[in-house]
Structures are given as structure tokens and as C-alpha cells.
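Each value in this text was obtained by applying a stated rule to the coordinates, not by laboratory testing. Just so it is clear, the structure is predicted and the values come from calculations on it, not from any experiment. So basically every Cβ, Gly included, is an ideal-geometry build from the backbone, and we count neighbours across all protein chains shown.
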Ligand SMILES: Cc1cc2nc3c(=O)[nH]c(=O)nc-3n(C[C@H](O)[C@H](O)[C@H](O)COP(=O)(O)O)c2cc1C
């Protein structure tokens, strides 16, 4: 059914227009309370077996919507309605900005992939904070807030820009993410180098604590979990270095991975790929490298950090593989475009079946359970 809608309508529309249309429908349906509850019952039935505690939060399940879909926090309840267990909003920057000129989003249908160079188009942290503050208290959605650098702010002033956003947004966030891995803001990914990342993460931690009224050394005020989101294009040693830094600074987790600037192994004809131009590639072609980065992080951190896996997750098998490899939470974006509103439900059903078949009593017991087996095999 969705396949037909995709072929007849969405595929013929400019991808960014199709996004706004589909997101508009989701928001429209969720604005009608009776209808929202009904759709939610169908698309997001909650299976107690999938409940999981992560980052100090109780989530209905491990599967969330990755950053970039709802940059401005305008449709969180609609996205929860279609079955996402958490929604990561953003990337939000210190100042509002329009992003790159259009067209800036491209489909590679044969590869079940997207290329985007959106460039953090967003309303800015003040407007997004006001929107989050105005959300009804009755909303139970788990909301991650992903922050990045304003393009017009010079690289030397990046820390101040992130701090501004963290101060405004942390108190509204269930968890906060420092995004240093999008390829579409010049220089942003240089912030992944440990000597740049250390002062940035330290300053954002302090700003988040100020935002929630938590003073250093005291337990008063909420401590917002802080994560960093990394690129799949980091060399293995750099992945290790970020993992070590995260442990050193007492970070709560790492999100792996963002989109790649690589274009290897695509089926789409090279002229179409070249015509799309620069940007981050997401979807199926990212699967293998994202999984490798996750495995590396888990081997390095051994369960001491919460790992959030994202990149090329399309099926319940993919999500299960990430959990076995050490991810406590799993996210996706591109496959939502290709598979539509029943996608999260399919993932949940498949995960529940795999969990039952695995013999683990709870999902948390499955986290990383495949990593040990792999290591043992490799050791022989
Ligand atoms: C159109 C688009 C916009 C995105 N915008 C952001 C963003 O603003 N911040 C961010 O951290 N990641 C962003 N991402 C990356 C996704 O969150 C995710 O890390 C990546 O797409 C890999 O997951 P996937 O293969 O399931 O799509 C964006 C991805 C897409 C396709």
C-alpha cells in the first residue's frame, strides 16, 4: 500500500516537498486527539517485552527516530503516534538559519538511500526552546535534543554557539546530543578531533547543568544525559579516541553514526550520483560501516557507555544485530522514507519475536550479547 503511494506520489515529488507533505499528514492526524489515540494503538502497540531503561529513562522500546526529520520540534507527538519510542529533534543551532540552497535532498531509490546537504536549516535554539517549553505536560514522548554549530559562527567561536543552545535547550531535553559529524557545515567534523572535542564537551556539560539548575558537586537539579554523535568516516583510531574521551569526561553515550561522505558500492548510475552533488549519504549503503563503528565502540567501552546505533537500519534483523553488537537504543531515518508509517511497527514486532526466540528474559540482557561471541570466535 505505502509502496504504491511512494511510486505514484512521493517518488514524483521533489524529496523535500514530499517530506513536508508526509510530515504534514502525520501532524494533522495527531492533532485530532481521538484519531491520534486510535492510530497510535494500531502503529505503536506497546509490547512490555521491549521496554528498556537507557540513559536513566524508561522507554517503551529501543527504536527511535534519528535527528534531522523533525529539526524544529514541531511534530513530536505525531512521530510517537507512528511508533517511535523516542524522537531526536534537531539539529538545532544557536541562531536560526535557512540551510543550503535547494535542491538539497536526493533519493537514490535503487540503493534505498538518500543524499542530503540540508545544512542545518532550523528555527534556532531560542525558538525551539520556546516550542518545547509549550508542549503539554501530558505528553509522554521521550525527546532527545541534538545541537550543532550555526554556519555563520566562525570555527573558533563554535563552543560559545553550542553553549548558547545547551543553556536554552537542556532543561527541555530527556537527553542532549552534541553533533560534530554532519558533513554539511564547513569545518564541523574537525570538532571530532579530541583536542577540540574535549573543551567543547566540557563546556556543553557545564551549560546543560546550568540550564537544569544542577550545580557542580551537588545532586540537586536534573542531570541531563549527554551524548556525542560521530561520523562513519572517522578512522578506526579516531573512533577509539572519541570513545576514550567519552569515558574520561563521564559522557553518557555515543551515537554512531551520522551520514557518510563516501559514495562506494552504489548501484545507482554514477551520473545520477554525481548530479546529486555533495552531501551526506544515508540508508542501506551505510549499514556495514555503521555496524563496524558500533562494534568498535562496544569493544572499546565494554558496556560503560550507552551506545545508540544509527545508519542503514531497515529491518528488525538490522535492529537486532545492532542490539547484539552493543547498542541499547537504535535509530533510523532513511528507511522511514522508503517504508512508510508501518515501519516502526514492523521493527517492533520483529524485535519482540527475536527477543523471545533468543531466550533472553529482557531486551537489556541481549545488549552486547553477540559481541562477546564474536570476540571469542575471533580469539580462536
Ligand atoms: C535529510 C536528512 C537530514 C538529516 N539531518 C540531520 C541533522 O540535522 N542532525 C543529525 O545529527 N543527523 C542528521 N541526519 C542523519 C541521521 O540522523 C542519521 O544519522 C543518518 O541518516 C543515518 O541513518 P539512516 O541510514 O537510518 O538514515 C539527517 C539525515 C537525513 C537523511
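Overview of results
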quantity: Spin-label model distance (nm) - residue 102 vs residue 193, 7 Å beyond Cα toward Cβ; calculated: 3.7 nm
quantity: Kirkwood hydrodynamic radius of the range 129-279, from inverse mean 1/r over distinct Cα pairs, in Å; calculated: 16.8 Å
quantity: Alpha-carbon gyration tensor eigenvalues x 5, square-rooted, for the range 47-87, Å; calculated: 20, 11, 8
quantity: Order of 17, 229 - criterion: other Cβ atoms within 10 Å of each residue's Cβ, fewest first; calculated: 17, 229
quantity: Radius of gyration, Dmax [the range 195-346; alpha carbons; angstrom]; calculated: 17.5, 58
quantity: Among 352, 327, 362, residue whose mean-square fluctuation peaks in a GNM of the chain (springs only between Cα atoms under 10 Å); calculated: 362
quantity: Residue among 211, 165, 138 with the largest mean-square fluctuation in a Gaussian network model of the chain, springs linking Cα atoms under 10 Å; calculated: 138
quantity: Sorted peptide list for 277-283, 178-184, 18-24, criterion being average Cβ within 10 angstrom, highest first; calculated: 178-184, 277-283, 18-24
quantity: Relative contact order, percent, the chain [alpha-carbon distance under 8 Å, six or more residues apart]; calculated: 17 percent
quantity: Fewest-first ranking of 8, 294, using other Cβ atoms within 10 Å as the exposure measure; calculated: 8, 294
quantity: Residue-averaged 222 nm ellipticity for the chain, from DSSP H runs of 4+ at -39500 (n - 2.57), nearest 500; calculated: -13000 deg cm²/dmol
quantity: Burial order of peptide ranges 302-310, 123-131 (average beta-carbon count within 10 Å, highest first); calculated: 302-310, 123-131
quantity: Förster-model FRET efficiency, 41 Å R0, residue 369 and residue 212, C-beta, rounded to 0.05; calculated: 0.75
quantity: Spin-label proximity, residue 244 to the range 189-213 - amide N less than 17 Å from point 7 Å beyond Cα toward beta carbon; calculated: 192-199
quantity: Spacing of the two label points (7 Å from each Cα toward its C-beta) at residue 47 and residue 16, in nm; calculated: 3.8 nm
quantity: Mean Cβ neighbour count within 10 Å, used as a protection proxy, ranking 238-247, 39-48 highest first; calculated: 238-247, 39-48
quantity: Ranked list, fewest to most other Cβ atoms within 10 Å of each Cβ, for 185, 140; calculated: 140, 185
quantity: Simple spin-label estimate for residue 275 and residue 72 in nanometres, 7 Å along Cα-Cβ; calculated: 3.0 nm
quantity: Förster-model FRET efficiency, 51 Å R0, residue 1 and residue 237, C-beta, rounded to 0.05; calculated: 0.60
quantity: Length gained when the stretch residue 357-residue 155 is fully extended (0.36 nm per residue, less Cα-Cα span); calculated: 67.7 nm
quantity: Euclidean distance between Cα centres, the range 280-316 to the range 74-146, Å; calculated: 21 Å
quantity: Calculated log₁₀ intensity ratio I(q)/I(0) where the Debye formula runs over C-alpha points of the chain, q = 0.07, 0.09 Å⁻¹; calculated: -0.28, -0.47
